[in-house]
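To start, the structure under review is shown below, and the notes come after it.
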Amino acid sequence: MMLLLIATALYFAFAAGISTDSLLSAVSNVDDCPSCLALLGAFQSIALGGDDAFIISFTSLCIGLGAADPDVCTGLIAREGPILANDLRQINSTGQTAEKLCDALLGMCVTHPINPFTVAFPKPPPAHPKVFKSRGRPTVPVVHLSDVHIDRFYTVGAEANCTKSICCRDFDDSPAVPTVPAGPNGNSHCDSPVTLADSLLEEIQRLNPVFSIFTGDVVEGAVWLVDQPEVTADLQAFNAEMASKLSAPIFPSIGNHDSAPVNAFARTTSHTMNNSQFVFDTQSAGWERWIKAEAASQVDHISGSYSAKVPGMDLRIISVNTQYWYKQNFWLYDSDVIQPDPNGIIAFMVEALQAAEDAGDRAWIVGHIPLGKEDTLVDQSNYYDQVLQRYKNTIAGQFFGHSHKDQFEIAYSNYSEQTAQNAVGVALIGPALTPTSGNPAFKFYDIDPDTFEVMDSKVIFTNISDPTFQISPTWGLYYSARETYGPLVGLSPKEPLSPAFWHNLTEVFETNNTAFQFFNTAISRGGAVTECDGDCVNTTICDMRAFRSENNCDTPTPGFQLRKRAAASHDSDECEGIGLSHILSRMVLAA
């Protein structure tokens with residue numbers, strides 16, 4: 001069967017004018033940028049024959065080389081393959097866009113200069129910017145939840161130790177008698193059951209925040225099965241659950257999994273219809289109860305982004321759809337024309353921040369993917385930084401998810417001199433509900449009601465190893481950043497957790513291994529701790545100081561990147577899990 005499938009792929013390659021040996025050679029010999037571009041050229045020839053030829057060929061190779069289970073190969077490529085085929089028909093297979101595509105697919109061609117672009121601002125910075133001073137009033141509580149990944153097909157008693165990236169379902173190839181039956185409330189190899197999500201929302205309501213922010217990813221990770229009806233139903237269901245269980249407003253953002261196919265958010269300049277508009281329609285209707293009509297209209301017309309005032313506060317929430325800056329959104333590679341601001345998201349940020357500055361308000365930026373991650377395009381990360389530098393006095397907080405980890409990233413006015421004095425912004429990254437990357441958790445902030453700065457960041461978690469977890473998850477404090485880290489940097493009682501505070505903490509981590517190892521454990525809330533020493537410590541601290549993706553230290557050697565992706569079965573590569581980049585990496589290594 002394996003030989004037959006490979007033969008099928010080679011048949012379509014031959015029909016496209018590619019010899020049997022050359023296609024297999026192109027797949028098996030990928031180890032650098034030129035060879036990756038050669039592979040794209042081979043696939044481009046097949047894509048020119050139409051989507052069907054491309055899908056059949058790619059799927060046959062995937063199954064024949066054992067890159068994933070047959071149903072995963074078939075479903076994933078059927079969904080994402082047409083986007084990739086469309087890209088290949090539109091671009092030069094040796095141009096800059098092709099290099100960026102190689103970066104996204106195989107972690108190659110990662111070094112290229114940033115395309116110069118100067119963000120336009122309607123006004124220069126004010127000569128005397130408004131000073132936001134604390135009056136010492138009691139803090140107000142705000143909750144930050146992220147990456148719930150609710151699997152509404154989760155089946156209690158199903159196999160929890162399967163061969164796929166997400167288990168706890170009755171797949172067609174599931175064993176009749178499971179070796180590890182799924183419990184009622186979740187498993188580390190599975191996305192969140194509804195019971196776990198309900199437990200989370202009930203705990204948030206018990207804490208009684210004045211409002212909450214949600215930084216995206218509702219839909220589960222079986223991306224080879226997810227379609228538009230499921231995404232629509234999942235988004236509507238979670239909106240309804242939040243509305244029924246939470247009495248305070250919630251300000252959400254869209255995650256990369258909240259579309260079908262996964263990650264697929266087409267640019268307005270794409271050659272085909274915008275296939276993600278259904279997401280904006282769904283969330284515009286679902287979020288209007290919290291963000292009100294004007295912001296809901298923006299969701300529909302600004303590609304999922306909006307700006308909304310928090311009731312009773314001089315604070316505006318600016319929610320941005322970060323998927324237009326995400327490497328794994330394959331719609332971003334359908335043209336060789338450089339597009340600095342896909343769908344005008346950066347321009348919308350500028351407009352919203354200028355309105356906040358003019359009104360004397362402060363603003364929070366909320367989004368899914370942090371701008372310093374390796375999977376964020378360096379161009380758009382650089383342009384976002386220009387906006388941050390211009391409106392640093394107005395922006396009081398920035399909040400993201402995606403990595404499933406408890407992390408932070410610092411922005412500097414001068415990245416060549418990373419000091420506390422130059423620290424001008426910080427992104428607080430929320431942990432996930434889904435147990436796939438640690439114990440389920442969310443963040444609870446104490447906010448100064450005058451400056452809207454974070455005075456404390458607490459992680460609330462439930463331990464999936466606790467004997468009572470499957471009966472009823474128990475939520476509790478994992479740690480307080482102020483109590484744990486404050487004494488290490490000499491934080492005074494009235495100081496916020498400012499960008500300077502977080503930078504000073506990174507300096508502590510450089511010399512205090514005990515403190516760093518606590519952070520390393522806290523990343524997964526003690527649920528999926530990986531050893532980190534030597535180079536890992538240096539890389540991790542580098543990434544903390546990189547709220548601009550061009551400055552992070554996550555760029556691996558191509559061979560390591562391939563092995564890392566190919567080895568991931570239950571582990572996610574950041575939030576992505578299995579995807580085209582994962583299976584293509586496995587195909588290259590297996591060929």
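Miscellaneous remarks
- When the stretch 179-204 is filtered for residues that are in a loop (DSSP other than H, G, I, E, B) and not hydrophobic (A, V, I, L, M, F, W, C), the ones remaining, listed by number, are Thr179, Gly183, Pro184, Asn185, Gly186, Asn187, Ser188, His189, Asp191, Pro193.
- The one condition from (1) farther than 18 Å from Pro431 by Cβ; (2) in contact (Cβ under 8 Å) with a residue 40 or more places away in the chain that Asn161 does not meet is (2).
- Of all residues in the stretch 384-408, those that are of a type in the set (Val, Ile, Thr) and under 22 Å from Leu505 (Cβ atoms) total 1.
- Selection status of Lys494, surrounded by fewer than 19 Cβ atoms within 10 Å (Cβ to Cβ), charged (D, E, K, R) and assigned by TED's automatic domain parsing to the domain that holds Ile317: yes
Matching residues to (1) surrounded by 23 or more Cβ atoms within 10 Å (Cβ to Cβ); (2) in a strand (DSSP E or B); (3) among the polar types (S, T, N, Q):
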| residue | (1), (2), (3) |
| --- | --- |
| Glu351 | no, no, no |
| Trp364 | no, yes, no |
| Lys373 | yes, no, no |
| Asp385 | yes, no, no |
| His402 | yes, no, no |
| Gly425 | yes, yes, no |
| Ala432 | yes, no, no |
| Tyr445 | yes, yes, no |
| Val459 | no, yes, no |
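- Identification of strands (runs of 3 or more DSSP E) wholly contained in the stretch 242-343 with 3 or more residues that are closer than 28 Å to Ser199 by Cα yields 250-252, 315-320.
- Residue match in the stretch 249-269 (condition: outside the structural domain of Gln90 (by TED's automatic domain parsing) and free of Cβ contacts under 8 Å to residues at least 40 places away in the same chain): no
- The lone exception for Asn414 - which of (1) of a type outside the set (A, V, I, L, M); (2) part of a loop (DSSP other than H, G, I, E, B); (3) under 19 Å from the mean Cα position of the chain (by Cα) it fails: (3)
- Selection of the stretch 275-313 for residues being surrounded by fewer than 23 Cβ atoms within 10 Å (Cβ to Cβ) and either touching a residue at least 60 places away in the same chain (Cβ under 8 Å) or within 16 Å of the chain's Cα centre (by Cα) (or both) yields Val310, Pro311, Met313.
- Scanning the stretch 202-225 for residues that are in contact with a His (Cβ under 8 Å, 6 or more places away or on another chain), within 14 Å of Phe153 (Cα to Cα) and not acidic (Asp, Glu) returns Val218, Val219, Gly221, Val223.
The values are calculated or read from the model by the stated rules, or taken from the named source; none is laboratory data. Worth saying up front: this structure is predicted, and the values here are computed from it rather than measured. Reconstructed Cβ throughout: ideal geometry from the backbone, glycine too, with neighbour counts over all protein chains shown.
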